[in-house]
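Reading through the structure tokens given below for one structure.
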Amino acid sequence: MAKTALITGVTGQDGSFLAELLLEKGYSVHGVRRSSSLQNLDRIRGVFDPVHSERSSFRLHYGDVTDASNMRRVIDECEPDEVYHLAAQSHVKVSFDEPEYTANVDALSTLRLLDAIRAVGGEKSIRFYQASTSELFGKVQETPQTETTPFYPRSPYAVAKLYAYWSVVNYREAYGVYACNGILFNHESERRGLTFVTRKVSSVVAKINNGSDETLHLGNLDAKRDWGYAPEYVDAMWRMLQRDEPSDYVIATGETHSVRELVEAAFAAVGIEIAWEGAGVDEVGKCKKTGRTLVKVDPWYYRPTEVDLLLGDPSKAQRELGWTSKTKFEELVRIMVESDNRAIAQGQVLR
Ligand code: NAP
Ligand code: G4F
């Protein structure tokens, strides 16, 4: 019998890659989409056929993870074997502006879904994946970070995700729900939202390469992240739900790079070498050949509390899930810049 999966956040970066992966594996896939004044189906165009949706293996349900009765109805209707809970207000800086909303979406939604699983009697039949995050490590207490590194969240986003993390552990221990936290480090792709730093950099570099006189305005250039390629990370999510026993896993590349290195790699992908001058808010990145200023620091992008360094140790995932990251940092940046370059060359508006 083909398995059925429910994905919240299916219209997002990870949700769209996960839907494709599960459809390839023969799953029947149900996704939750938010109602909005403008359609937001760009990332799932390849799998969603609005005309034949009744017969398709991919179905969409209107829903919002802040609405408990709605979540329960969706679970009731699609009778999933596996629930992948990816929906979130996922932007760390935005969470400082919308802390209560972020808590409602990112913390309480996990509780709502776990409770909905109990309410339909699914404790023993429905497996649950929680999109946990390396942001939990925040002000890191050790490097590299593993499943046993103490948490120290540094944003309303991370605090909300911490609540969700412990809800998963609690429902696993209290009610025997097969529930896993995937502690995923940053993962990026050509489908990444334009306000996250990797895609912001790749899109502006591609525009400059195509003749724009734009300057790239960034915040903290010193922050370091463990950046991997998103399609590989959704495979890890699936692997977590196929084991005999549930557990929590760090998913990471084991390499870390600064935002400054990201900028250098992105410009290098279009043949531009960057020379840095100045320090702090006065630091600029210039084209080594022409002297044109291409990068400036704008303190508006600074966060009230920053996560300075993330570096994951994915040994447990390698051992127990047979998962390893494959795409290296420079390759990831090249994929993203080339994708934005192609889109601009074809006259597309970047989304
Ligand atoms: P994303 O691109 O921002 O996607 C978020 C998804 O959540 C979108 O489909 C969005 O719908 C949906 N959503 C937001 N609020 C909702 C609500 N109230 N009700 C229903 N749906 C809602 O995020 P992502 O990068 O794919 O990340 C997926 C998950 O992994 C998130 O939980 C994120 O926090 C977590 N995570 C991400 C990373 C990473 O590096 N990407 C690392 C660790 C953890 P719309 O399309 O309508 O906005
Ligand atoms: O791309 P970012 O916004 O990602 P961040 O904050 O690391 O969060 C992402 O990864 C988390 C996993 O660790 C996820 F849980 C979360 O949902 C999200 O997907 O920022 C990365 C770094 C930060 O240190 C930020 O201060 O880049 C720095 N940065 C510098 N200039 C910037 C900018 N970030 C953004 N978004 N925009 C800038 O202009």
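The values are calculated or read from the model by the stated rules, or taken from the named source; none is laboratory data. Quantities reported herein were computed from a predicted structural model and do not represent experimental measurements. Every residue, glycine as well, gets a Cβ built from its backbone with ideal geometry; the counts of neighbours run over all protein chains shown. Just the protein is used for accessible areas: all its heavy atoms, side chains included, with ligands, DNA and RNA removed. Shrake-Rupley method; radii C 1.70, N 1.55, O 1.52, S 1.80 Å.
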- Report the residues of the range 183-216 in range of a label on Lys289: point 7 Å along Cα→C-beta, backbone N strictly under 19 Å from it. 204-216
- Item | Probe 1.4 Å, all protein chains present, accessible-area order of Trp227, Trp276, Trp166, largest first | Trp166, Trp276, Trp227
- Item | Total charge dipole magnitude, the chain, about the Cα centre, Cβ charges on Lys, Arg, Asp, Glu only, Debye to nearest 20 | 520
- Task: Calculate, in nm to one decimal, what Tyr152 and Thr66 gain on full extension: separation in residues at 0.36 nm each, minus their alpha carbon distance.
- Result: 28.4 nm
- Task: Using only Cα atoms, tell me the angle between helix 156-175 and the longest principal axis of the chain; keep it within 0 to 90° and round to the nearest 10.
- Result: 30
- the range 21-110, dipole about Cα centre (Lys/Arg Cβ +1, Asp/Glu Cβ -1), debye to the nearest 20: 280
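Just list whichever of Lys25/Lys207; Lys139/Lys288; Lys25/Lys326 have alpha carbons separated by over 29 Å in the model shown. Can you show the working numbers first?
Numbers: Lys25/Lys207 37 Å; Lys139/Lys288 35 Å; Lys25/Lys326 21 Å.
Pairs exceeding 29 Å: Lys25/Lys207; Lys139/Lys288.
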- Item | Folded to 0 to 90 degrees: helix 230-240 orientation relative to the chain principal axis, Cα | 30
- Message: So if a site counts as exposed when it's one of the GluC sites (Glu not before Pro), its DSSP state isn't H, G, I, E or B, and it has at most 13 other Cβ atoms within 10 Å, what's the longest stretch of the chain without one?
- Response: 55-141
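Using only alpha carbon pairs under 8 Å that are at least six residues apart, calculate the relative contact order of the chain and give it in whole percent.
For the chain, the relative contact order is 17 percent.
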- FRET efficiency, 1/(1 + (r/R0)^6) with R0 22 Å, evaluated for Glu98 and Asp282 via beta carbons: 0.10
- Message: Under the rule a/c < 1.5 gives rounded, and otherwise a/b versus b/c splits prolate from oblate, where does the range 1-126 land using the Cα gyration tensor?
- Response: oblate
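In the range 105-257, carbon and sulfur make up what percent of the accessible area (probe 1.4 Å)? It would help to have the intermediate numbers written out before the result.
On the way: 2510 of 5290 Å².
For the range 105-257, the apolar C and S fraction of the accessible surface comes to 47 percent.
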- Item | Rounded if a/c under 1.5, otherwise prolate or oblate - the range 83-152, Cα gyration tensor axes | oblate
- Item | Solvent-accessible surface (1.4 angstrom probe) belonging to Thr198, in square angstrom, nearest 10 | 10
- Query: Rounded to a whole number, what % of the accessible area of the range 1-103 do carbon and sulfur atoms account for, probe 1.4 Å?
  - Reply: 45
- Note on the structure: Per residue, accessible area of the range 111-253 with a 1.4 Å probe, heavy atoms of protein chains only, in Å², comes to 35
- Task: Once you have a ≥ b ≥ c as the square roots of the Cα gyration tensor eigenvalues for the chain, tell me rounded if a/c is under 1.5, and otherwise prolate or oblate according to whether a/b is larger than b/c.
- Result: prolate
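Take every DSSP beta bridge whose two residues both sit in the chain, then give the antiparallel share in percent to the nearest 5. Spell out each step's value before the answer.
Numbers: 9 of 43 bridges.
Counting only bridges with both partners in the chain, antiparallel ones make up about 20 percent.
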- So how tilted is helix 13-24 from the main axis of the chain? Cα-based, degrees 0 to 90, rounded to 10. 50
- Query: Given the pairs Lys3/Lys328; Lys93/Lys224; Lys161/Lys328, which are separated by over 24 angstrom at their Cα positions?
  - Reply: Lys3/Lys328; Lys161/Lys328
